[in-house]
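First the structure, in the form of structure tokens, and then the observations on it.
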Amino acid sequence: MTHHILAIDQGTTSSRAILFDGSMKRVATGQEEFPQHFPASGWVEHDPADIWSTTAATCRSAIERAGIGPEDIAAIGITNQRETVVVWEKDTGRPLHNAIVWQDRRTAETCARLRAEGLEPIVTERTGLRVDPYFSGTKLAWILDQVAGSRARARRGEILFGTVDTYLIWRMTGRAEHVTDATNASRTMLYNIHESRWDEEVCRALDIPMQMLPEVRDCDAEFGVTRPDLFGRPIPIRGVAGDQQAATLGQACFRPGMMKSTYGTGCFALLNTGDTPAKSANRLLTTVAYQLGGTPTYALEGSIFIAGAVVQWLRDGLGIIRHVSETQALAERADPGQRLYLVPAFTGLGAPHWDAEARGALFGLTRNAGPAEIARAALESVAYQTRDLWEAMQADWPGEGAATLSALRVDGGMSASDWTMQFLADMLGAPVDRPDVLETTALGVAWLAGQASGLYPGQEGFAQDWALERRFEPAIDAEERDRLKAGWDDAVRRTLTTSA
């Protein structure tokens, strides 16, 4: 009896597979980390073979741990690290280069040149994005520049491009399907989000042959079936969404004005703006939240590059903690009379500043400052950055001063920290809602695949099933909130480069 959904969550540092039952409850999980490659300063790569092998292995592990067979799986949903680029040969499947990861900054000079040539207004108008190394377009162009003859081969249909979802589907279906969904397409800097098609002018500006781009489908479309030998029988792939859009779905943010923020390595906040792509005056991104029935739903997005990674830095860089779980206890012991501000611009600053050259800084140090005060500043930096996004979104949608965001739904590993979530509520001056299910990314694509297969309810029923685990209410007054935020704003101003 096919009453399970297999959700694949292919992330930046690990691949996971989670089996959900007919009631959308987690049954079993498989997870494997894989190596990160840093060939030069600011460069981040993955071996596509590692992405594939860990994905396949975790799927088999989850199925085995659940004690079920392939006949018990109705469909597969896939969510993935966005913007990461894979280019491979159509006939052999051999990658032309390691995957270039979303964090990679190697194309910063290229992006600066393109901005100087006046391309950014066209990119922003059509794709909703900025000309930035974060997105897939210049990464793809870089690979084509480096591998001799690859553009000519791409024009002949011999070379394929894909984000991670596309690469996995191509391999899972035995090379039968070269496809993606609208959310992943909208993160490439090559996709016209208003006309729902690849943009010829932007592709031409980057000299990217359109023959190598995948077909774009709805998030709950039919993406093919797995080859029979992979899991023991063909299983349909019925749900695909980039990780942050999948989390938006998993948080049941179906109504315009609903907002979620996911705290993983980075932090990504999305505000549902409905069927209208809101144009940001505050350097936010306009993107596709999801697409069902051929109709896109849009979102404003703010991207913070360093969230959970700042806690990893406390552990691996400074050595002031041994385990991530120690951070909260340290922060609670911090001297309330000292106020440190850590701006974690380790790889630049994302929205709303978009300063690729900014670097991290710590302000307010005194002789008595120590690990506890630094740990508190690290956790607080996540809330301050989220407040920056909150204010920008409130100003952008549906117009300046017209929107009042009522609450923020949170997920991701860092959302498990009660101390951090309370400080976040304090800084927003609004409730922070943490759901029962923190694995919202996997849940989002499980729901996509399940409702497409008739196993799970539609949007309304799924939204009714969303369950709150804890609500964090603001516990400080507006005067204190503004005083703390003023200190953060001053620290950021000192950190920004003159070119920002």
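The values are calculated or read from the model by the stated rules, or taken from the named source; none is laboratory data. Bear in mind that the values here come from a model prediction, so they are computed numbers and not experimental data. With ideal geometry, Cβ positions are generated from the backbone for all residues, glycine too; neighbour counts draw on all protein chains shown.
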Going through (1) charged (D, E, K, R); (2) closer than 27 Å to Ile304 by Cα; (3) buried (at least 24 other Cβ atoms within 10 Å of the Cβ) one by one, Arg255 fails only at (3)
Conditions (1) surrounded by fewer than 19 Cβ atoms within 10 Å (Cβ to Cβ); (2) touching a Gly at 6+ places or on another chain (Cβ under 8 Å); (3) of a type in the set (Gly, Ala, Ser) -> Ala17 fails only (1)
Selection over the stretch 31-57 where residues are buried (at least 18 other Cβ atoms within 10 Å of the Cβ) and within 15 Å of Thr12 (Cβ to Cβ) yields a count of 9
Of the listed residues (Thr110, Thr55), the one being within 24 Å of the chain's Cα centre (by Cα), assigned to a helix (DSSP H, G or I) and modelled with pLDDT under 95 is Thr110
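Scanning for something closer than 21 Å to Phe34 by Cα, of a type in the set (Lys, Arg) and surrounded by fewer than 24 Cβ atoms within 10 Å (Cβ to Cβ), does the stretch 78-94 turn up at least one residue? Spell out how you get there, then give the answer.
Going residue by residue through the stretch 78-94, those that are closer than 21 Å to Phe34 by Cα are 78-88, 93-94.
Those left that are additionally of a type in the set (Lys, Arg): 82, 94.
Checking which are surrounded by fewer than 24 Cβ atoms within 10 Å (Cβ to Cβ) leaves us with 94.
The answer is yes; a qualifying residue exists.
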Those residues of the stretch 105-132 that are among the aliphatic types (A, V, I, L, M) and either touching a strand residue (DSSP E or B) at 6+ places or on another chain (Cβ under 7 Å) or free of Cβ contacts under 8 Å to residues at least 24 places away in the same chain (or both) come to a total of 3
Item to complete: State whether one or more residues within the stretch 87-102 are in a loop (DSSP other than H, G, I, E, B), hydroxyl-bearing (Ser, Thr, Tyr) and touching a residue at least 24 places away in the same chain (Cβ under 8 Å).
Response: no
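Does Pro435 count as surrounded by fewer than 23 Cβ atoms within 10 Å (Cβ to Cβ) and either modelled with pLDDT of 85 or more or not assigned by TED's automatic domain parsing to the domain that holds Ala486 (or both)? Talk me through it step by step, then tell me what you get.
Working: surrounded by fewer than 23 Cβ atoms within 10 Å (Cβ to Cβ): yes; either modelled with pLDDT of 85 or more or not assigned by TED's automatic domain parsing to the domain that holds Ala486 (or both): yes.
Taking the combined requirement at face value, the residue satisfies it.
Among the residues that make up the stretch 41-55, is at least one of them of a type in the set (A, V, I, L, M, F, W, C) and farther than 16 Å from Thr84 by Cα?
Restricting attention to the stretch 41-55, the residues satisfying the condition of being of a type in the set (A, V, I, L, M, F, W, C) are 43-44, 49, 51-52.
If we keep only those that are farther than 16 Å from Thr84 by Cα too, we end up with none.
Looking through the stretch 41-55, none of the residues is of a type in the set (A, V, I, L, M, F, W, C) and farther than 16 Å from Thr84 by Cα.
Pick from Asp165, Asp145, Asp199, Asp132: which is surrounded by fewer than 19 Cβ atoms within 10 Å (Cβ to Cβ) and of a type outside the set (Phe, Trp, Tyr)? Steps first, please.
Values: Asp165 fails: surrounded by fewer than 19 Cβ atoms within 10 Å (Cβ to Cβ); Asp199 fails: surrounded by fewer than 19 Cβ atoms within 10 Å (Cβ to Cβ); Asp132 fails: surrounded by fewer than 19 Cβ atoms within 10 Å (Cβ to Cβ).
Answer to the check: Asp145.
Counting residues that are in the same structural domain as Leu428 (by TED's automatic domain parsing) and within 15 Å of Glu380 (Cβ to Cβ), which helices (runs of 4 or more DSSP H) fully inside the stretch 440-496 reach at least 1?
478-495
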Reported set for the stretch 252-261 where residues are within 19 Å of Leu448 (Cα to Cα) and within 14 Å of the chain's Cα centre (by Cα) is Lys260
Over the stretch 301-328, the set of residues buried (at least 17 other Cβ atoms within 10 Å of the Cβ), farther than 23 Å from Arg359 by Cβ and more than 13 Å from the chain's Cα centre (by Cα) is Gln328
Note: among Ala49, Ala28, Ala74, just one is out of contact with any helix residue (DSSP H, G or I) (no Cβ under 8 Å at 6 or more places or on another chain) and either within 28 Å of Gly450 (Cβ to Cβ) or not in a strand (DSSP E or B) (or both), namely Ala49
Glu479: passes all of (1) more than 30 Å from Asp355 (Cα to Cα); (2) more than 25 Å from the chain's Cα centre (by Cα); (3) surrounded by fewer than 20 Cβ atoms within 10 Å (Cβ to Cβ) but (1)
If I filter the stretch 291-304 for residues that are part of a strand (DSSP E or B) and without any contact (Cβ under 8 Å) to a residue 24 or more places away in the chain, do I get at least one hit?
yes
